[in-house]
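K.L.:
Could you have a look at this structure, given as structure tokens, before my questions?
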Amino acid sequence: MPNIVVVGAGVSGLTTALLLSRNPAYKVTIVAKHMPGDYDIEYTSPWAGANYLPVSNPAGSRWEKNTWPELARLAKDVPEAGIHFQNSVILTRDKDLKATSGQWFNELLSKSPWFKDTVPDFRILPKSELPAEADSGTAFTSVCINTAVYLPYLVSQCLKTGAVFKRAVLAHISDAASLHASGNRADLVVNCTGLLASKLGGVMDKTVIPVRGQIVVVRNDPGVMLTVSGTDDGDDEVCYIMQRAAGGGTVIGGTYQKGNWESQVDPNQALRIMKRAVELCPALTGGKGVEALSVIRHGVGLRPLRLDGVRLEKEIIRETSVVHNYGHGGWGYQASYGCAERAAELVDEALAPRAKL
Ligand code: FAD
């Protein structure tokens with residue numbers, strides 16, 4: 001029975017470990033510095049909204065496309081996963097199309113995106129449904145994930161299939177091979193270290209950079225999931241609102257600051273985030289303005305962007321067979337199952353010669 005160590009307990013590591021541990025042929029140990037329940041600037045997954053707003057281009061859409069059916073199944077049939085359906089409205093201001101957020105949202109803002117046949121109820125909004133500041137808009141059914149419920153749910157599913165969790169801080173990716181719960185050397189290591197892939201020995205991927213996202217979590221109910229193509233407060237500031245499932249509050253954002261490692265909340269930015277959200281969605285405070293927002297907490301997370309795109313490939317490092325699955329930027333949840341499926345295929349391929357022995 002092959003022994004596998006998955007390094008990382010963010011959404012990428014947990015989803016990959018879950019798919020691998022469902023295969024009775026594999027014995028999976030998950031090793032991580034941070035686990036669900038921790039809040040740390042080096043650990044991105046708890047900070048995400050998280051919703052399903054595809055941003056990949058049609059050629060690279062496989063990961064997001066293959067993830068939707070599983071997120072929709074969880075939202076429909078598995079309430080304990082902490083995911084619910086939300087009506088999502090995307091507003092476009094033509095002046096944002098060349099800005100950072102406009103480029104990031106290029107496919108999302110399209111009137112005929114690849115995902116129009118993937119998500120339910122896709123439609124182009126008529127002028128009569130647009131606010132004055134928007135030039136165009138679309139609407140569809142999306143999901144919002146309560147990450148504080150969903151990450152522990154993934155842990156519970158991994159435990160159910162026999163996976164074992166261990167805390168450790170690795171200096172080199174090959175060190176993971178000696179940490180399998182069986183006490184034997186692992187046959188393969190899966191690298192799901194997110195942003196820290198830029199600092200981990202044996203990987204040191206300098207094309208992985210942080211994209212800082214500041215958020216505010218509030219108790220107010222917006223009634224709809226709203227995203228606008230940009231703001232007038234700077235090229236790296238964005239505006240979105242989503243209500244998490246199961247009492248998780250409403251996440252309002254945000255920022256998209258490439259190369260910024262700052263972990264602390266900027267109070268001026270927080271004020272701008274709240275002001276923009278209330279202007280975009282007056283219903284958030286029943287028309288009573290920004291003072292009527294009931295703040296649960298402020299937060300900062302760093303999206304692990306890989307400039308060359310997500311890394312899903314095999315490599316031998318110091319005689320250790322490694323499969324990489326990192327660098328998901330701002331779309332780690334909405335591509336989690338698609339990427340984990342590919343990582344599991346790569347694990348099968350890497351272990352196939354061994355199975356023939
Ligand atoms: P992480 O969650 O960072 O996990 C990395 C894991 O590796 C951790 O367990 C860490 O401890 C471990 N690790 C790293 N190095 C070592 C080491 N040396 N030794 C041991 N363990 C190690 N995505 C969406 O799909 N939808 C959204 O709406 C969305 N909104 C977002 C909003 C914000 C504000 C932010 C910041 C992100 C958002 N994202 C969203 C992006 C998403 O959160 C990330 O893409 C995703 O969480 C990355 O997950 P990961 O598992 O790859 O990395």
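K.L.:
What is the range 49-196 by shape, rounded, prolate or oblate, if you read a ≥ b ≥ c off the alpha carbon gyration tensor as root eigenvalues and call it rounded for a/c under 1.5, prolate for a/b larger than b/c, and oblate otherwise?
P.N.:
Note, shape of the range 49-196 comes out prolate.
K.L.:
Would you mind finding the longest exposed-site-free stretch of the chain, with exposed trypsin sites (Lys or Arg not before Pro) meaning DSSP loop and at most 14 other Cβ atoms within 10 Å?
P.N.:
The segment 1-97 is the longest one with no such site.
K.L.:
Could you work out how far apart the two model spin labels at TYR39 and GLU80 are, taking each label as a point 7 Å from the Cα in the direction of the beta carbon, and quote it in nm?
P.N.:
2.6
K.L.:
Could you work out how far the C-alpha centroid of the range 128-170 sits from that of the range 287-315, in angstrom?
P.N.:
Comparing the Cα centres of the range 128-170 and the range 287-315, I get a distance of 12 Å.
K.L.:
Oh, and also: Of all alpha-carbon pairs in the range 88-148, indicate the percentage at a distance above 19 angstrom.
P.N.:
36
K.L.:
With +1 on each Lys and Arg Cβ and -1 on each Asp and Glu Cβ, and nothing else charged, work out how big the dipole of the chain is about its Cα centre, in Debye to the nearest 20.
P.N.:
Taking the Cα centre of the chain as origin, the dipole is about 660 debye.
K.L.:
Express in whole angstrom the spacing between the alpha-carbon centres of the range 3-40 and the range 63-104.
P.N.:
Using only Cα atoms to place each centre, the spacing works out to 24 Å.
K.L.:
Calculate how large, on average over all directions, the projected area of the Cα convex hull of the range 266-357 is; give the answer in nm² to one decimal.
P.N.:
Reported value for the Cα convex hull: 9.7 nm².
K.L.:
Just to be sure I understand the model, the point goes 7 Å from the Cα along the line to the Cβ. What's the resulting ASP94 to ASN23 distance in nm?
P.N.:
5.2
K.L.:
Next question, about the same structure. Write out the GluC sites (Glu not before Pro) in the range 278-327 meeting two conditions: DSSP loop, and at most 16 other Cβ atoms within 10 Å of their Cβ.
P.N.:
The qualifying sites are GLU319.
K.L.:
So what does the Cα-only Debye profile of the chain read at q = 0.09 Å⁻¹, as log10 I(q)/I(0), no solvent term?
P.N.:
Values, matching the q order: -0.48.
K.L.:
Separation between the SER263 and HIS172 pseudo-spin-labels, each 7 Å from Cα along Cα→Cβ, expressed in nm?
P.N.:
Taking the two extended label points, one gets 2.7 nm.
Bear in mind that the values in this text are calculations on the coordinates, not laboratory data. What you are looking at is a predicted structure, and each value in this text was computed from that prediction instead of being measured. Using ideal geometry, Cβ is built from the backbone for each residue, glycine included, and neighbour counts are taken over all protein chains shown.
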